[in-house]
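Here the structure comes first, spelled out in structure tokens, and everything after it is commentary.
The values are calculated or read from the model by the stated rules, or taken from the named source; none is laboratory data. Owing to the predicted nature of the structure, the values given are computational and were not obtained by experimental measurement. Positions of Cβ are generated from backbone atoms using ideal geometry, with glycine treated the same way; all protein chains shown enter the neighbour counts. Accessible surface areas use protein heavy atoms only, side chains included; no ligands, DNA or RNA. Shrake-Rupley method; radii C 1.70, N 1.55, O 1.52, S 1.80 Å.
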Amino acid sequence: MIIFKVVLLFNAIVRRCLNILTTFYWSLFLNEFGAGSKIYKGSFFRMPKDVSIGRQCLIQFNVRFGSEIPNSKLDIKDNVQINSDVFIDYSGGLIIENNVVISKGGYILTHSHGYDPKSKPVKKSLIIKKGVWIGANVTICENVSEIGENAIIATGSILTKNVPSNSIFGGNPAKFIKSI
């Protein structure tokens, strides 16, 4: 029993050290990196010089940030939490405002290839307004350009259109459920 507790403690210490090293590593390459922000191990930024992260943000384990188009911008404001196993494409440009939570397993797209996967990507910008909560395993398709303030996207939804402020959307495709 004692050996098991020692192993658990050792694993916790190693995990914490890896998270500190990951945060330090990516802070060297990002365009901006705010005070108090953390990036956990397994996270990856393609074209990190195009990414700005504000203060007190938390990027959990295995979050992937990618872009197919050079000089696209990802601007994450303050107090944003992005949970594990999220993929964020910022090819078309993406702004995530203050106090946004993106739950585990989400998928966000900001470009399209139309009907030809080998065609040149077309930019589709997206802004996620402050106070938005995106539930687990939500897919946000490329034709969404804005998610309004304090909106909630229900778990497992596939979002194909813009969301007004103070509303809840859910389903496949996501539809208006109610106002908050």
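Under the rule a/c < 1.5 gives rounded, and otherwise a/b versus b/c splits prolate from oblate, where does region 96-172 land using the Cα gyration tensor? Judged from the Cα gyration tensor, region 96-172 comes out prolate (a/c at least 1.5, a/b above b/c). Normalised by the number of residues in region 5-156, the mean separation of alpha-carbon contacts (under 8 Å, six or more apart) gives a relative contact order of 15 percent. In nm, to one decimal, how far is the modelled label at residue 175 from the one at residue 145, with both set 7 Å along Cα→Cβ? The answer from the label model is 2.5 nm. When the C-alpha to C-alpha distance is required to be over 29 Å, the pairs from 118/178; 41/175; 104/129; 77/175; 124/178 that qualify are 118/178; 41/175. Label reach from residue 71 (point 7 Å along Cα→C-beta): in region 101-133, amide nitrogens under 15 Å belong to 123.
DSSP finds beta bridges in the chain, and of those with both partners inside it, around 15 percent are antiparallel.
With 0.36 nm allotted per residue and the present C-alpha distance subtracted, the residue 20-residue 56 stretch has 11.5 nm of extension available.
Between helix 2-29 and the chain there is an angle of about 50 degrees, using the helix long axis and the longest principal axis of the Cα atoms.
For residue 24, the solvent-accessible surface computed with a 1.4 Å probe is close to 120 Å², ligands and nucleic acids excluded.
Only beta bridges with both residues in region 53-104 are counted; by DSSP, about 0 percent of them are antiparallel. Measuring nothing but alpha carbons in region 1-132 and taking Rh as the Kirkwood radius, the Rg to Rh ratio lands at 1.06. State, to one decimal in nm, how far the label point of residue 119 lies from the label point of residue 160, with both points 7 Å from Cα in the Cβ direction. Result for the modelled spin labels: 1.8 nm.
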